[in-house]
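A short worksheet on the structure shown next.
Values in this text are rule-based calculations from the coordinates and carry no lab data. None of the values given here were measured: they were computed from a predicted structure. Note: ideal-geometry Cβ built from the backbone for every residue, glycine included; neighbour counts use all protein chains shown.
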Amino acid sequence: MDFLIENWLLILLALSSGAMLLVPALSGVGGGKVSAPEAVRLINREKGVLIDVAEPAEYAAGHPVGAKNVPFGGLETSKALPSNKATPVILTCPSGARAARAAGLLRKQGYEKAVALAGGNRAWGEASLPVEKAA
């Protein structure tokens, strides 16, 4: 009992850090992002569509091979999105920040499997996955 009293701060810290690790997993928060290998799995096994929400100049500078360019501002009205809203849509951009916002926007529109590529195009390249640049 003396141990608990003397080390209450360490115990509190351990419990709170454990809770911070468990809460996202249990509540589904953070489920809107996938790693580069998981994105490849979605593309290959579930016929996922890869959409780069970067501006055209950013897209031309480098993007994952096969990604369609739909700038964030035109996402809601784009014809490049799959008509089947159950199809996985993997969104990316240079850093992943716009892609996360775009994934949330598409989920609100009914795309139940809209996810952002965690780390964006940078993470894609770091995973040694193919990147293409406009000629």
Restrict the check to the range 126-133 and report whether at least one residue is buried (at least 16 other Cβ atoms within 10 Å of the Cβ), among the hydrophobic types (A, V, I, L, M, F, W, C) and on the phi < 0 side of the Ramachandran plot. no
Filtered residues of the range 66-85 (kept if under 23 Å from ASN44 (Cβ atoms), under 17 Å from the mean Cα position of the chain (by Cα) and of a type in the set (A, V, I, L, M)): ALA67, VAL70, LEU81
All positions within the range 107-124 that are on the phi < 0 side of the Ramachandran plot, surrounded by fewer than 24 Cβ atoms within 10 Å (Cβ to Cβ) and more than 8 Å from the chain's Cα centre (by Cα): ARG107, LYS108, GLN109, TYR111, GLU112, LYS113, ARG122, ALA123
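Could you check the range 65-92 and list, in sequence order, the residues that are out of contact with any His (no Cβ under 9 Å at 6 or more places or on another chain) and within 16 Å of GLY125 (Cα to Cα)? Give the derivation first.
Filtering the range 65-92 for residues out of contact with any His (no Cβ under 9 Å at 6 or more places or on another chain) gives 65-68, 70-91.
Of everything in the range 65-92, those that are out of contact with any His (no Cβ under 9 Å at 6 or more places or on another chain) and within 16 Å of GLY125 (Cα to Cα) turn out to be VAL65, GLY66, ALA67, ILE90, LEU91.
Of all residues in the range 81-93, which are buried (at least 20 other Cβ atoms within 10 Å of the Cβ) and in contact with a Gly (Cβ under 9 Å, 6 or more places away or on another chain)? Can you show your working first?
Filtering the range 81-93 down to residues buried (at least 20 other Cβ atoms within 10 Å of the Cβ) leaves 81, 88-93.
Scanning the range 81-93 gives PRO88, VAL89, ILE90, THR92, CYS93.
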